[in-house]
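Visitor: Mind having a look at this structure? Questions to follow.
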Amino acid sequence: MSDSTQEQLHRLRSLRTAAGLTIGELAARSGVSARTIGGIERHTIRRPHPGTLRALGTALGLDGPGAGRLHTADEQVGGITGLPGVTPHFTGRHADLAWLTGRLGHSRAVQLIGLPGVGTTALAVQAATRLAERFPDGVRFLGPVGDATAATIARRLLPAAATASTGSDPAAVGAYRDLVRARRMLVVLDGIRDTRQVGPLLPPDAAAVTLVTGGPPLAELPHADRRLVPPLPPADARAALTAMVHGSTPAPAVAELAACCAGLPLALRVTANRLLTRPQWSAQWLIDRLTRPERMLGTLVAGDLSVRDAFARAYAGLPARARCALRLLPRLTGPAPAEAGFLELAERGWLTAGRDQRYLPHPLVHAFARVLPGT
């Protein structure tokens, strides 16, 4: 199997979670067994049947060339390649989308940062879908990038013919830099972890625009704009949860549950899943559990969608000072001070600014900090 085909398969979990689907829900929607989907995501199934890929692609709403299927990268750069379908029940984010609309027309690199589960991927996909016509040479999506090096990212984004001629890492990076100098395209890199993954790929005279989600702030990159994506405000959180549960839950209960989720889209999706798939569990039962900090994270799990797991993955990538500061949160008697580790948490969205240069943790962050070893 070619590297480009394998990369598409490795993205299946990212595409599924961006659509807010558990493995079971994707199985029901696509007709592909949950066991097969799990095998593809774990890379134990390396040569799935083309019909399986078509069914999964259709269920995920993939767009662009070969719409409706997981496909190998095209020789041609133009068009939309690999972009997931927009998240169902995408709600609000008007200010964020307006900001992106402006910055994607003037910046060489744009970064979206936020608390795990806040929806930076969904926002990036929404913006890329809406603004695709601005980019005559196409839109490319790659993610989750994870620990991939700049050279690996370059090879995955280059057309196959160009990749075949770039043996060394510097040659691959150089070929990619030539590509983005010549093409007015939008490249979405989802879930980066390190500035070094992106910096070498961005020549100062690039015609292309790179939209990055995740990772540390790219402050050391010139001409890069950064936006911290906050949780949804209460009205949007209520509207999103109402749409997700299709009117199956009374409005007062929806409002309480949305408040318990504190505007975190991942928590809202998990809550909706619990309500829809376990109708024998009342909304009040969920509210009672979500209002108890020691039970909150254990309740926000549905299949392989888990707020605690999302936080744990992001926590592992935090700088040591930020991890230490997070473990200190449960011991504080008031807001966090404006000190190094807490400032690093704030610039990533784990804390929000309060009064007198102090910082407040998101409620789910505080619940997560309580269960960390050493707290």
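The values are calculated or read from the model by the stated rules, or taken from the named source; none is laboratory data. Predicted, not measured: the structure shown is a model, and the values here were computed from it. Every residue, glycine as well, gets a Cβ built from its backbone with ideal geometry; the counts of neighbours run over all protein chains shown. Please note that ligands, DNA and RNA were not included when accessible areas were found on the heavy atoms of the full protein model with its side chains. Shrake-Rupley method; radii C 1.70, N 1.55, O 1.52, S 1.80 Å.
Visitor: On C-alpha positions alone, give me the angle between the axis of helix 50-60 and the longest principal axis of the chain, in degrees, nearest 10.
Guide: Approximately 50 degrees, to the nearest ten.
Visitor: Just the number please: accessible area per residue for the chain, 1.4 Å probe, all protein chains included, in Å².
Guide: I get 43 Å² per residue for the chain.
Visitor: Under 18 Å from a label point 7 Å along Cα→Cβ of ALA34: give me every residue in region 254-297 with its amide N that close.
Guide: Counting only backbone N, you get 270-281.
Visitor: Let me ask something else about it. Any chance you could list P(r) for region 219-330, counting all Cα-Cα pairs in 5 angstrom bins from zero, rounded to whole %?
Guide: 2, 11, 18, 21, 17, 11, 9, 6, 3, 1, 0
Visitor: If each of GLU347 and ILE287 carries a label point 7 Å out from its Cα toward its Cβ, how far apart are those two points in nm?
Guide: 4.1
Visitor: Angle check, please: helix 265-277 long axis (alpha carbons) against the longest principal axis of the chain (alpha carbons), in degrees 0 to 90, nearest 10.
Guide: That helix lies at roughly 70 degrees to the long axis.
Visitor: Sticking with this structure for a sec: Roughly how big is the chain's charge dipole about its Cα centre, with Cβ charges of +1 (Lys, Arg) and -1 (Asp, Glu), in debye to the nearest 20?
Guide: Dipole size: approximately 600 debye.
Visitor: Evaluate the distance, in nm, between pseudo-label points positioned 7 Å from the Cα of LEU372 and of VAL301 along their respective Cα→Cβ axes.
Guide: 2.0
Visitor: To continue, here is another question. Relative to the compact globular guide of 2.2 N^0.38 Å, what is the alpha carbon radius of gyration of the chain, as a ratio?
Guide: 0.99
Visitor: Beta carbons within 10 angstrom, averaged per residue: use that to sort the peptides 259-269, 230-240, 333-343, highest first.
Guide: 259-269, 230-240, 333-343
Visitor: How would you order 354-363, 105-114 from highest to lowest mean count of nearby Cβ atoms within 10 Å?
Guide: 105-114, 354-363
Visitor: If you don't mind, there's one more thing I want to ask. Would you mind calculating the gained length between ASP147 and ALA207 on full extension (0.36 nm times residue separation, minus the Cα-Cα distance), in nm to one decimal?
Guide: That pair, ASP147 and ALA207, stretches by 19.0 nm at full extension.
Visitor: Classify region 324-374 from the C-alpha gyration tensor, please: rounded if a/c falls under 1.5, else prolate or oblate depending on whether a/b exceeds b/c.
Guide: Prolate is the answer for region 324-374, as a/c is 1.5 or above and a/b outweighs b/c.
Visitor: Sticking with this structure for a sec: Between ALA182 and ARG130, how high is the FRET efficiency from 1/(1 + (r/R0)^6) when r is the Cβ-Cβ distance and R₀ = 25 Å? Nearest 0.05.
Guide: Efficiency, from the Cβ-Cβ distance: 0.50.
Visitor: Stretch ALA251-ARG42 to full length: gain in nm at 0.36 nm per residue minus the Cα-Cα span?
Guide: Contour length minus Cα-Cα distance gives 71.3 nm.
Visitor: Now for a different question. Quick one: compute the contact order of the chain, relative version, from alpha carbon pairs under 8 angstrom and 6+ residues apart, as a percent.
Guide: After rounding, I find 15 percent.
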